Amino acid sequence: MAQLKWGMIGGGEGSQIGPAHRLGALADGHFTLAAGALDHRPDVGRAYAQRLGVAADRAYGDWTEMLAGERNRPDRVDLVTVATPNSTHFQITKAFLEAGFNVLCEKPMTVTVEEGEEIVRIAAKTGKICAVNYCYSAYPMIRQARAMVRNGDIGKVRLVVTNFSHGHHGDAADADNPRVRWRYDPAMAGVSGQFADCGIHALHMASFICDDEVEKLSADFASTIASRVLEDDAMVNFRMGRGTVGRLWTSSVAIGRQHGFDIQVFGETGGFRWASEQPNQLIYTPVGGRTQIMEKGEGGLYDDAKRLSRVAIAHPEGFPLAVANIYCDLADAIRGTPRDGLPTAASGVRSMAAVHTAVASAKAGGTWMDARPPMFR
Ligand code: NAI
């Protein structure tokens, strides 16, 4: 099978998410890195792309140059990843979709709900794939959890409780670090800081596992470092379409918590827990029964979890391989076999609607509000 050609925008040397994309995209031989505009500094981006093996004429200084260079090539890239700061996602994703490229956009997909709806419409109109990198949903044991809910293994879901709380922006003296600062600057990050940065992963995960959508929410936001315009801590209560009760805490000042993303799902006949710091295990308890540790790679898992467990049982599989699973699903989709688990622009715009609703709710003292984007009401 011919390798697919991949291009990347952002994710330059020293960036947080760039290495996970490169490890993920290249892990299975589906893609080869053919083009890139990797850095906001054109010369630095060109030089780094060439060090990664990109030909000089496809190591671009910025994304507009890349669009112009790639659009008419017979061997143009099959997929473009957008891994730049949030405020640039919409413009870049829209331009590449309209030019007929498939796109994997980092979260949050856009800054406004209107932009998100526009991306959904453009993807539908062009027939191109627009995926959003909710990569945690591609861990094998998350696919197992979702399959268990779908197969009724824990009965109707009553309650979902999730946290994505770390302490890495908790040092007030470090608040001006450029890699930290943009996340709390409305011009770069949008209307929300921590909720849009990490909370939406947790909210997406709740929807993904429960196979249901968030309908309404009530939020409380705080900027515990007073110089921050945007929140660094949020508590969000929500309700899903089938009545499931949701509780979500997200924070970037929870010093001592490292990655801090976990989720518990409680149904009528059982419950389970997953934590991103032990991603290979799903802790499952049937009602009235013993607690069990289900392990990635073991026998008896549902098909999707089996398919995405790639290293032998008990060998750790980490974050870059979850990203690689997103790229496997993308490669299948580009080659004509769409995968049900791949997060799309619809999830992206639902997240944006939740972010804007949470901001409005927090400003209104926690009033419950409809969290759905207008296009899905
Ligand atoms: P970062 O600040 O560490 O790196 C940003 C990179 O983009 C830098 O290399 C910078 O030079 C480059 N860049 C900035 N503007 C550019 C432009 N106009 N054209 C080309 N390159 C440009 O940021 P980080 O943490 O890597 O975040 C990037 C995006 O990835 C954000 O949207 C963030 O929300 C998302 N992210 C997603 C994660 C996930 O789990 N899915 C985890 C971390 C970040």
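The values are calculated or read from the model by the stated rules, or taken from the named source; none is laboratory data. Every value quoted in this text rests on a predicted model; they were computed, and no experiment measured them. Reconstructed Cβ throughout: ideal geometry from the backbone, glycine too, with neighbour counts over all protein chains shown. For accessibility, only protein heavy atoms count, side chains too; no ligands or nucleic acids. Shrake-Rupley method; radii C 1.70, N 1.55, O 1.52, S 1.80 Å.
Per-structure values
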quantity: Theoretical gain in end-to-end length, Ala47 to Glu268 [0.36 nm per residue, Cα-Cα removed]; calculated: 73.9 nm
quantity: Euclidean distance of C-alpha centroids, region 254-294 and region 172-250, integer Å; calculated: 21
quantity: Approximate shape of region 229-328 as ellipsoid semi-axes (Cα gyration tensor, √5λ), whole Å, largest first; calculated: 26, 21, 14
quantity: Region 58-108 - Rg over Rh from alpha carbon coordinates, Kirkwood radius; calculated: 0.94
quantity: Rg over Rh [alpha-carbon atoms, Kirkwood Rh] for region 155-200; calculated: 1.16
quantity: Pairs beyond 31 Å (Cα-Cα), from Lys94/Lys216; Lys5/Lys306; Lys5/Lys156; Lys296/Lys363; Lys5/Lys125; Lys128/Lys156; calculated: Lys5/Lys156; Lys296/Lys363; Lys128/Lys156
quantity: Net charge dipole size for the chain [Lys, Arg +1 and Asp, Glu -1 on Cβ; Debye, nearest 20]; calculated: 620
quantity: Percent accessible area from carbon and sulfur atoms, the chain, protein chains only, probe 1.4 Å; calculated: 52
quantity: Alpha carbon Rg of region 28-148, scaled by the compact-globule rule 2.2 N^0.38 Å; calculated: 1.14
quantity: Cα extents of the chain along the three principal axes, largest first (Å); calculated: 63, 50, 41
quantity: CD proxy at 222 nm, helix term only [per DSSP H run n ≥ 4: -39500 (n - 2.57); per residue of the chain; nearest 500]; calculated: -9500 deg cm²/dmol
quantity: Signed unit charges on C-beta, dipole axis of the chain, positive-most listed residue Thr269, Pro178, Pro373; calculated: Thr269
quantity: Alpha carbon convex hull of region 109-178, volume per residue in cubic angstrom; calculated: 202
quantity: Bins of 5 Å from zero: percent of alpha-carbon pairs in region 276-331; calculated: 4, 17, 25, 24, 15, 7, 4, 2, 0
quantity: Region 317-377, relative contact order [Cα under 8 Å, separation at least 6], %; calculated: 22
quantity: Shape category assigned to region 300-347 from the gyration tensor of Cα positions, a/c cut at 1.5; calculated: prolate
quantity: When the convex hull of its Cα atoms is projected in every direction, mean area for region 171-309 (nm²); calculated: 10.5
quantity: Rounded accessible area per residue of the chain, 1.4 Å, Å²; calculated: 40
quantity: Euclidean distance between Cα centres, region 101-163 to region 298-348, Å; calculated: 13
quantity: P(r) histogram, all alpha-carbon pairs of region 102-225 included - 10 Å bins from 0, percent; calculated: 10, 34, 34, 19, 3
